[in-house]
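**Q** Sharing a structure with you now.
Quick note: the coordinates plus some simple rules give every number you see, no bench work behind them. Worth saying up front: this structure is predicted, and the values here are computed from it rather than measured. No Cβ is skipped: glycine too gets one built from the backbone with ideal geometry, and neighbour counts run over all protein chains shown.
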Amino acid sequence: MGYATVHGSTRGVAERLAASLGRAGLPADVRPLDTVDDADAYGAFVLGSAVHNQAWLAPARAFVSDNAGLLGERPSWIFSVGMPGALRGPWKRMAPVEARVVVRSLPAGLPYRSHRLFSGVILRSQLPLGGRIRFHLMGGRFGDHRDWEAIDAWASEIAGELLRA
């Protein structure tokens, strides 16, 4: 379970996914992507990143670029953590569009079985004044918007695929 995070929200999602896989009997190593020394040591990958400006963070993009061949040889899933759950109205309805934009920002031909865009945590202290004003004007709500049931459900899907293999 590899992740890239700025404020820790994505790490929390990765830890939850790993715990769910562990309960299914599938051990999962959870670590920041920029600390993975030997990607070849893993039989499957679940990789995620926080989304900033509709793209994964640089360490996550670098990992998938550097290991594209290996990811093509092993079962791989990807997830993104953004803020669709924090938004309302027309902005919230844009989440499916954001998910497609995020995936298009990844290396062309990146092999993966599925992608999920989860909501994360957004706190007032994480944004400068201008960002807080824009967020408020967009109808944004500060807080923890992670949907643990959706995260657990996706982990169950992954576990099912791995256990059938």
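**Q** In the set V13, V30, V6, which member is buried (at least 18 other Cβ atoms within 10 Å of the Cβ) and either out of contact with any Ser or Thr (no Cβ under 8 Å at 6 or more places or on another chain) or closer than 30 Å to F135 by Cβ (or both)?
**A** On the way: V30 fails: buried (at least 18 other Cβ atoms within 10 Å of the Cβ); V6 fails: buried (at least 18 other Cβ atoms within 10 Å of the Cβ).
When all the criteria are applied, what remains is V13.
**Q** Condition test on W77, is it among the aromatic types (F, W, Y) and surrounded by fewer than 14 Cβ atoms within 10 Å (Cβ to Cβ)? Spell out the reasoning first.
**A** Working: among the aromatic types (F, W, Y): yes; surrounded by fewer than 14 Cβ atoms within 10 Å (Cβ to Cβ): no.
When the stated conditions are applied, W77 does not pass them.
**Q** Could you please find all residues in segment 33-59 being surrounded by 18 or more Cβ atoms within 10 Å (Cβ to Cβ) and on the phi > 0 side of the Ramachandran plot?
**A** Residues satisfying the conditions do not exist here.
**Q** Could you list, in sequence order, the residues of segment 135-150 that are in a helix (DSSP H, G or I) and within 20 Å of H52 (Cα to Cα)? Show your work before the answer.
**A** The first filter runs over segment 135-150 and keeps only residues in a helix (DSSP H, G or I), leaving 135-137, 148-150.
Result: F135, H136, L137.
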